[in-house]
Amino acid sequence: MKRRHFGLLLIVFAVAAAWQLGWANASSAQTSAPRTAPTPTPTPFATPRPSPTPNVIDDDEPIKVETELVNLNVRVVDRNNRSINDVPQKDFRIFEDGVAQQIEFFSRAEVPTNYALLLDGSGSMRSQIEKVIEAGKIFVASNRPADETAIIRFISSDKITIEQNFTSNKADLEDALENLVVEGGQTAVIDAVYLAVDNVEQYEKSKNPDDRKRRAVILVSDGEDRDSYYTEKQLVELLRESETQIYVIGFINELSKEGGMISRSPQAKAKAFLDRLAAESGGKAYYPSSANELPQIAREISSEMRSQYSIGYIPTNDARDGSFRNIKVQIADGPNGQKRIAVTRAGRTADGSKPSLRDNRDVNTRPKN
(Lines give C-alpha, C1' and ligand atoms only; values in the text may rest on other atoms or scores of the structure.)
Protein backbone atom coordinates (compact mmCIF):
# COMPACT_ATOMS: atom_id res chain seq x y z
CA MET A 1 0.00 0.00 0.00
CA LYS A 2 2.80 2.40 0.94
CA ARG A 3 4.53 1.57 -2.36
CA ARG A 4 1.38 2.45 -4.32
CA HIS A 5 1.13 5.82 -2.53
CA PHE A 6 4.84 6.44 -3.01
CA GLY A 7 4.60 5.66 -6.73
CA LEU A 8 1.63 7.98 -7.11
CA LEU A 9 3.56 10.75 -5.35
CA LEU A 10 6.44 10.23 -7.72
CA ILE A 11 4.10 10.63 -10.70
CA VAL A 12 2.56 13.80 -9.26
CA PHE A 13 6.00 15.20 -8.51
CA ALA A 14 7.22 14.40 -12.00
CA VAL A 15 4.20 16.09 -13.62
CA ALA A 16 4.66 19.15 -11.38
CA ALA A 17 8.36 19.32 -12.17
CA ALA A 18 7.69 19.02 -15.88
CA TRP A 19 5.05 21.76 -15.69
CA GLN A 20 7.42 24.06 -13.79
CA LEU A 21 10.24 23.40 -16.25
CA GLY A 22 7.96 24.15 -19.22
CA TRP A 23 6.74 27.43 -17.63
CA ALA A 24 10.29 28.46 -16.84
CA ASN A 25 11.42 27.83 -20.41
CA ALA A 26 8.43 29.70 -21.82
CA SER A 27 9.08 32.62 -19.49
CA SER A 28 12.76 32.66 -20.41
CA ALA A 29 11.92 32.60 -24.11
CA GLN A 30 9.45 35.48 -23.75
CA THR A 31 11.98 37.58 -21.79
CA SER A 32 14.75 37.19 -24.42
CA ALA A 33 12.51 38.12 -27.43
CA PRO A 34 13.92 41.13 -29.36
CA ARG A 35 12.15 44.52 -28.97
CA THR A 36 11.96 47.40 -31.35
CA ALA A 37 14.14 50.20 -30.01
CA PRO A 38 12.77 53.77 -30.17
CA THR A 39 14.42 55.99 -32.76
CA PRO A 40 16.69 58.47 -31.03
CA THR A 41 16.77 62.16 -31.99
CA PRO A 42 19.89 62.51 -34.07
CA THR A 43 22.68 64.62 -32.71
CA PRO A 44 25.03 66.11 -35.29
CA PHE A 45 28.30 64.20 -35.52
CA ALA A 46 27.30 61.90 -32.56
CA THR A 47 28.05 58.88 -34.71
CA PRO A 48 30.49 58.48 -37.59
CA ARG A 49 28.96 59.38 -40.94
CA PRO A 50 29.23 56.84 -43.75
CA SER A 51 31.77 57.72 -46.39
CA PRO A 52 30.18 58.70 -49.71
CA THR A 53 30.33 56.10 -52.42
CA PRO A 54 32.95 57.25 -54.91
CA ASN A 55 31.82 57.83 -58.50
CA VAL A 56 33.33 55.18 -60.71
CA ILE A 57 34.09 56.53 -64.19
CA ASP A 58 33.98 54.05 -66.99
CA ASP A 59 36.99 54.62 -69.22
CA ASP A 60 34.80 53.85 -72.23
CA GLU A 61 32.11 56.39 -71.27
CA PRO A 62 32.56 59.82 -72.91
CA ILE A 63 32.95 62.72 -70.48
CA LYS A 64 30.70 65.66 -71.31
CA VAL A 65 32.14 69.10 -70.59
CA GLU A 66 29.79 72.06 -70.84
CA THR A 67 31.39 74.81 -72.89
CA GLU A 68 30.18 78.10 -74.27
CA LEU A 69 31.02 78.89 -77.88
CA VAL A 70 30.91 82.62 -78.55
CA ASN A 71 29.82 83.36 -82.11
CA LEU A 72 30.84 86.55 -83.90
CA ASN A 73 29.70 87.94 -87.21
CA VAL A 74 32.54 90.13 -88.44
CA ARG A 75 32.56 92.63 -91.29
CA VAL A 76 35.92 93.74 -92.66
CA VAL A 77 36.24 97.13 -94.34
CA ASP A 78 39.00 99.41 -95.60
CA ARG A 79 39.55 103.08 -94.72
CA ASN A 80 36.81 104.06 -97.16
CA ASN A 81 34.33 101.67 -95.53
CA ARG A 82 34.38 99.28 -98.49
CA SER A 83 33.98 95.58 -97.72
CA ILE A 84 36.98 93.23 -97.93
CA ASN A 85 36.04 89.58 -98.45
CA ASP A 86 39.36 87.76 -98.85
CA VAL A 87 40.99 87.89 -95.40
CA PRO A 88 42.41 84.51 -94.26
CA GLN A 89 41.90 83.17 -90.74
CA LYS A 90 45.56 83.61 -89.81
CA ASP A 91 45.20 87.40 -90.08
CA PHE A 92 42.46 87.56 -87.40
CA ARG A 93 43.10 87.93 -83.67
CA ILE A 94 40.33 87.97 -81.06
CA PHE A 95 40.59 89.49 -77.58
CA GLU A 96 38.11 89.28 -74.73
CA ASP A 97 38.79 91.80 -71.98
CA GLY A 98 42.28 92.15 -73.44
CA VAL A 99 43.05 88.42 -73.33
CA ALA A 100 43.81 86.65 -76.62
CA GLN A 101 41.37 83.88 -77.54
CA GLN A 102 41.88 80.83 -79.74
CA ILE A 103 39.67 80.67 -82.82
CA GLU A 104 37.72 77.40 -82.87
CA PHE A 105 35.52 78.07 -85.89
CA PHE A 106 36.04 80.19 -89.00
CA SER A 107 34.02 80.51 -92.18
CA ARG A 108 33.69 82.93 -95.08
CA ALA A 109 30.77 81.06 -96.63
CA GLU A 110 27.51 82.89 -97.23
CA VAL A 111 25.08 82.10 -94.41
CA PRO A 112 21.28 82.35 -94.62
CA THR A 113 19.80 85.24 -92.66
CA ASN A 114 16.64 85.70 -90.60
CA TYR A 115 15.90 89.40 -90.32
CA ALA A 116 13.06 91.70 -89.37
CA LEU A 117 12.24 94.84 -91.31
CA LEU A 118 11.28 97.27 -88.54
CA LEU A 119 9.50 100.22 -90.12
CA ASP A 120 8.52 103.47 -88.45
CA GLY A 121 4.86 104.13 -89.30
CA SER A 122 4.50 107.35 -87.33
CA GLY A 123 3.44 110.66 -88.87
CA SER A 124 7.00 111.96 -89.08
CA MET A 125 7.71 109.34 -91.78
CA ARG A 126 4.68 110.24 -93.90
CA SER A 127 6.69 111.96 -96.63
CA GLN A 128 9.14 109.02 -96.84
CA ILE A 129 6.73 106.09 -96.78
CA GLU A 130 6.73 105.39 -100.54
CA LYS A 131 10.54 105.20 -100.61
CA VAL A 132 10.53 103.08 -97.46
CA ILE A 133 8.22 100.59 -99.18
CA GLU A 134 10.45 100.62 -102.24
CA ALA A 135 13.54 99.93 -100.12
CA GLY A 136 11.71 97.12 -98.34
CA LYS A 137 10.98 95.49 -101.68
CA ILE A 138 14.67 95.67 -102.59
CA PHE A 139 15.54 93.83 -99.37
CA VAL A 140 12.93 91.17 -100.09
CA ALA A 141 14.00 90.79 -103.73
CA SER A 142 17.59 90.12 -102.64
CA ASN A 143 16.56 87.27 -100.31
CA ARG A 144 18.10 83.87 -100.94
CA PRO A 145 15.84 80.77 -100.80
CA ALA A 146 16.86 79.97 -97.21
CA ASP A 147 16.43 83.54 -95.92
CA GLU A 148 13.35 84.40 -93.86
CA THR A 149 11.95 87.86 -93.24
CA ALA A 150 9.39 89.40 -90.88
CA ILE A 151 7.84 92.84 -91.32
CA ILE A 152 7.05 94.84 -88.18
CA ARG A 153 5.45 98.28 -88.12
CA PHE A 154 5.62 100.50 -85.06
CA ILE A 155 4.25 103.79 -83.84
CA SER A 156 3.58 104.03 -80.09
CA SER A 157 4.11 101.35 -77.46
CA ASP A 158 0.62 99.95 -78.00
CA LYS A 159 0.94 100.00 -81.78
CA ILE A 160 3.78 97.60 -82.58
CA THR A 161 2.37 95.08 -85.02
CA ILE A 162 3.72 92.14 -86.96
CA GLU A 163 2.47 92.79 -90.47
CA GLN A 164 4.02 89.56 -91.72
CA ASN A 165 5.56 86.77 -89.66
CA PHE A 166 8.84 85.15 -90.70
CA THR A 167 8.53 83.66 -94.15
CA SER A 168 10.56 83.05 -97.29
CA ASN A 169 7.52 83.76 -99.47
CA LYS A 170 8.37 86.98 -101.31
CA ALA A 171 4.81 87.57 -102.53
CA ASP A 172 3.47 87.60 -98.96
CA LEU A 173 6.21 89.99 -97.90
CA GLU A 174 5.53 92.37 -100.77
CA ASP A 175 1.80 92.34 -100.01
CA ALA A 176 2.55 93.32 -96.39
CA LEU A 177 4.75 96.18 -97.58
CA GLU A 178 2.08 97.45 -99.98
CA ASN A 179 -0.43 97.64 -97.13
CA LEU A 180 1.75 99.78 -94.85
CA VAL A 181 0.14 102.99 -93.60
CA VAL A 182 1.26 105.83 -91.33
CA GLU A 183 -0.56 107.02 -88.22
CA GLY A 184 -0.19 109.63 -85.56
CA GLY A 185 1.17 108.70 -82.14
CA GLN A 186 4.03 109.05 -79.68
CA THR A 187 6.89 107.17 -81.36
CA ALA A 188 8.36 104.33 -79.27
CA VAL A 189 11.58 103.42 -81.07
CA ILE A 190 13.25 101.74 -78.08
CA ASP A 191 10.24 99.50 -77.43
CA ALA A 192 10.02 98.58 -81.10
CA VAL A 193 13.70 97.60 -81.38
CA TYR A 194 13.59 95.72 -78.07
CA LEU A 195 10.60 93.64 -79.07
CA ALA A 196 11.86 93.10 -82.62
CA VAL A 197 15.23 91.77 -81.37
CA ASP A 198 13.44 89.54 -78.88
CA ASN A 199 11.14 88.31 -81.65
CA VAL A 200 14.11 87.43 -83.89
CA GLU A 201 15.88 85.63 -81.04
CA GLN A 202 12.80 83.63 -80.04
CA TYR A 203 12.19 82.61 -83.63
CA GLU A 204 15.78 81.40 -83.93
CA LYS A 205 15.38 79.34 -80.73
CA SER A 206 12.29 77.66 -82.18
CA LYS A 207 14.29 76.31 -85.12
CA ASN A 208 16.70 73.39 -85.38
CA PRO A 209 19.75 74.42 -83.27
CA ASP A 210 22.06 72.84 -85.86
CA ASP A 211 20.59 75.04 -88.59
CA ARG A 212 22.00 78.35 -87.41
CA LYS A 213 21.35 81.53 -89.35
CA ARG A 214 22.55 85.08 -89.06
CA ARG A 215 20.10 87.40 -87.31
CA ALA A 216 19.40 91.03 -88.00
CA VAL A 217 16.94 93.86 -87.55
CA ILE A 218 16.80 96.57 -90.21
CA LEU A 219 15.40 99.70 -88.58
CA VAL A 220 13.99 102.51 -90.73
CA SER A 221 13.14 105.53 -88.54
CA ASP A 222 14.04 109.09 -87.62
CA GLY A 223 15.34 107.68 -84.33
CA GLU A 224 13.45 110.11 -82.07
CA ASP A 225 11.94 108.25 -79.13
CA ARG A 226 9.00 109.97 -77.43
CA ASP A 227 7.34 107.43 -75.15
CA SER A 228 8.94 103.99 -74.65
CA TYR A 229 8.40 101.64 -71.73
CA TYR A 230 11.88 100.14 -71.90
CA THR A 231 14.98 102.25 -71.32
CA GLU A 232 17.97 102.57 -73.59
CA LYS A 233 20.04 100.81 -70.91
CA GLN A 234 17.70 97.80 -70.96
CA LEU A 235 17.87 97.67 -74.74
CA VAL A 236 21.67 97.72 -74.73
CA GLU A 237 21.69 94.90 -72.15
CA LEU A 238 19.46 92.85 -74.41
CA LEU A 239 21.75 93.46 -77.39
CA ARG A 240 24.72 92.26 -75.33
CA GLU A 241 22.92 88.96 -74.73
CA SER A 242 21.93 88.65 -78.38
CA GLU A 243 23.61 87.78 -81.68
CA THR A 244 21.21 90.01 -83.63
CA GLN A 245 22.81 92.83 -85.60
CA ILE A 246 21.07 96.18 -86.00
CA TYR A 247 21.23 97.98 -89.35
CA VAL A 248 19.88 101.51 -89.24
CA ILE A 249 18.48 103.76 -91.94
CA GLY A 250 18.06 107.01 -90.06
CA PHE A 251 16.04 109.93 -91.43
CA ILE A 252 17.29 112.49 -88.95
CA ASN A 253 17.64 115.55 -91.18
CA GLU A 254 14.18 116.88 -90.40
CA LEU A 255 14.79 116.77 -86.63
CA SER A 256 15.72 120.02 -84.93
CA LYS A 257 19.41 120.85 -84.61
CA GLU A 258 18.74 123.28 -81.76
CA GLY A 259 19.74 122.08 -78.32
CA GLY A 260 19.32 123.50 -74.85
CA MET A 261 21.89 124.89 -72.45
CA ILE A 262 22.79 121.45 -71.12
CA SER A 263 20.96 119.11 -73.49
CA ARG A 264 21.72 117.90 -76.99
CA SER A 265 19.51 118.73 -79.93
CA PRO A 266 16.85 116.18 -80.97
CA GLN A 267 18.90 115.42 -84.08
CA ALA A 268 22.15 114.87 -82.16
CA LYS A 269 20.36 112.75 -79.56
CA ALA A 270 18.69 110.56 -82.20
CA LYS A 271 21.95 110.05 -84.10
CA ALA A 272 23.87 109.12 -80.94
CA PHE A 273 21.18 106.57 -80.07
CA LEU A 274 21.11 105.00 -83.53
CA ASP A 275 24.92 104.92 -83.73
CA ARG A 276 25.06 103.10 -80.41
CA LEU A 277 22.56 100.46 -81.55
CA ALA A 278 24.70 99.72 -84.61
CA ALA A 279 28.00 99.75 -82.70
CA GLU A 280 26.82 97.52 -79.84
CA SER A 281 25.42 94.90 -82.20
CA GLY A 282 28.08 94.96 -84.92
CA GLY A 283 25.73 96.44 -87.48
CA LYS A 284 25.90 99.72 -89.35
CA ALA A 285 24.02 103.04 -89.47
CA TYR A 286 23.17 104.94 -92.66
CA TYR A 287 21.88 108.51 -92.78
CA PRO A 288 20.50 109.28 -96.23
CA SER A 289 20.17 112.94 -97.18
CA SER A 290 17.09 112.04 -99.22
CA ALA A 291 14.81 109.07 -99.80
CA ASN A 292 16.35 108.68 -103.26
CA GLU A 293 19.40 107.07 -101.64
CA LEU A 294 17.34 104.25 -100.15
CA PRO A 295 17.62 101.76 -103.04
CA GLN A 296 21.42 101.86 -102.99
CA ILE A 297 21.54 101.61 -99.18
CA ALA A 298 19.18 98.63 -99.29
CA ARG A 299 21.47 96.85 -101.75
CA GLU A 300 24.52 97.56 -99.57
CA ILE A 301 22.90 96.24 -96.41
CA SER A 302 21.67 93.11 -98.20
CA SER A 303 25.20 92.44 -99.41
CA GLU A 304 26.85 93.15 -96.05
CA MET A 305 24.50 90.84 -94.13
CA ARG A 306 25.65 87.94 -96.25
CA SER A 307 29.33 88.72 -96.87
CA GLN A 308 30.59 88.46 -93.30
CA TYR A 309 33.05 86.21 -91.53
CA SER A 310 31.64 83.74 -89.00
CA ILE A 311 34.12 83.27 -86.16
CA GLY A 312 33.72 81.25 -82.96
CA TYR A 313 35.84 80.90 -79.84
CA ILE A 314 35.58 79.27 -76.42
CA PRO A 315 36.39 81.98 -73.85
CA THR A 316 39.36 81.40 -71.56
CA ASN A 317 37.33 82.95 -68.75
CA ASP A 318 34.42 80.52 -68.45
CA ALA A 319 32.80 82.14 -65.39
CA ARG A 320 29.13 82.89 -66.01
CA ASP A 321 28.91 85.71 -63.53
CA GLY A 322 26.73 88.14 -65.47
CA SER A 323 29.62 90.50 -66.17
CA PHE A 324 30.10 92.35 -69.45
CA ARG A 325 33.11 91.23 -71.50
CA ASN A 326 34.62 93.56 -74.09
CA ILE A 327 35.35 91.95 -77.45
CA LYS A 328 37.91 93.27 -79.90
CA VAL A 329 38.88 91.79 -83.25
CA GLN A 330 42.18 92.85 -84.81
CA ILE A 331 43.27 92.17 -88.37
CA ALA A 332 46.78 92.40 -89.79
CA ASP A 333 47.34 94.92 -92.54
CA GLY A 334 46.83 93.66 -96.06
CA PRO A 335 49.10 93.80 -99.13
CA ASN A 336 50.98 97.09 -99.55
CA GLY A 337 50.07 98.11 -96.01
CA GLN A 338 46.31 98.16 -96.70
CA LYS A 339 44.47 99.06 -93.51
CA ARG A 340 41.78 96.51 -92.68
CA ILE A 341 39.19 97.23 -90.00
CA ALA A 342 37.02 94.62 -88.25
CA VAL A 343 33.47 95.51 -87.27
CA THR A 344 31.61 93.28 -84.82
CA ARG A 345 29.59 93.54 -81.63
CA ALA A 346 31.17 95.44 -78.76
CA GLY A 347 31.00 92.59 -76.27
CA ARG A 348 28.84 90.04 -74.54
CA THR A 349 27.19 89.34 -71.21
CA ALA A 350 28.81 86.26 -69.63
CA ASP A 351 25.69 84.79 -68.14
CA GLY A 352 24.36 81.35 -68.99
CA SER A 353 20.97 81.99 -67.40
CA LYS A 354 20.39 85.35 -69.11
CA PRO A 355 17.53 86.70 -66.99
CA SER A 356 14.80 88.19 -69.13
CA LEU A 357 14.04 91.88 -69.08
CA ARG A 358 10.63 91.30 -70.59
CA ASP A 359 7.34 92.00 -68.87
CA ASN A 360 3.99 90.60 -69.90
CA ARG A 361 3.76 92.81 -72.97
CA ASP A 362 4.57 91.33 -76.34
CA VAL A 363 4.63 92.32 -79.96
CA ASN A 364 1.05 92.63 -81.04
CA THR A 365 0.11 90.49 -84.01
CA ARG A 366 -2.36 92.10 -86.34
CA PRO A 367 -4.51 89.44 -88.03
CA LYS A 368 -4.28 89.43 -91.78
CA ASN A 369 -7.45 90.30 -93.69
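Within the stretch 338-352, which residues are closer than 9 Å to residue 320 by Cβ and assigned to a loop (DSSP other than H, G, I, E, B)?
Scanning the stretch 338-352 gives 351, 352.
Among the residues of the stretch 327-350, count how many are in contact (Cβ under 8 Å) with a residue 40 or more places away in the chain, farther than 20 Å from residue 241 by Cα and either β-branched (Val, Ile, Thr) or exposed (fewer than 13 other Cβ atoms within 10 Å of the Cβ) (or both).
Looking only at that region, the number is 5.
So which of 332, 350 is of a type in the set (Gly, Ala, Ser), over 16 Å from residue 201 (Cα atoms), in contact with an Asp or Glu (Cβ under 9 Å, 6 or more places away or on another chain) and at pLDDT 90 or above?
332
Considering the stretch 248-300 alone, what residues qualify as being polar (S, T, N, Q) and either within 27 Å of residue 348 (Cβ to Cβ) or surrounded by fewer than 18 Cβ atoms within 10 Å (Cβ to Cβ) (or both)?
253, 256, 263, 265, 281, 289, 290, 292, 296
Going by the structure shown, is residue 303 small (Gly, Ala, Ser) and either modelled with pLDDT under 90 or at positive phi (or both)?
yes
Mind checking which residues of the stretch 148-179 are closer than 23 Å to residue 138 by Cβ, in contact with a helix residue (DSSP H, G or I) (Cβ under 6 Å, 6 or more places away or on another chain) and not charged (D, E, K, R)?
Selection gives 149, 151, 152, 154, 164, 166, 173, 177.
For the stretch 120-239, which fully contained helices (runs of 4 or more DSSP H) count at least 1 residues that are hydrophobic (A, V, I, L, M, F, W, C), out of contact with any Pro (no Cβ under 8 Å at 6 or more places or on another chain) and free of Cβ contacts under 8 Å to residues at least 40 places away in the same chain?
Helices (runs of 4 or more DSSP H) meeting the threshold: 129-141, 170-178.
For a quick check of your reading of the model, give me the residue pairs whose first member lies in the stretch 257-273 and is over 16 Å from residue 236 (Cβ atoms), whose second is among the basic types (Lys, Arg), with beta-carbon atoms closer than 6 Å and at least 6 apart or on different chains.
265/257; 267/257
Tell me whether the stretch 78-89 contains one or more residues that are surrounded by 13 or more Cβ atoms within 10 Å (Cβ to Cβ), among the aliphatic types (A, V, I, L, M) and either at pLDDT below 50 or outside any loop (DSSP other than H, G, I, E, B) (or both).
So far as the stretch 78-89 goes, no, none of its residues is surrounded by 13 or more Cβ atoms within 10 Å (Cβ to Cβ), among the aliphatic types (A, V, I, L, M) and either at pLDDT below 50 or outside any loop (DSSP other than H, G, I, E, B) (or both).
The values are calculated or read from the model by the stated rules, or taken from the named source; none is laboratory data. Keep in mind that what you see is a predicted model, and the values were worked out from it rather than measured. All Cβ positions, glycine included, derive from the backbone under ideal geometry; neighbour counts span all protein chains shown.
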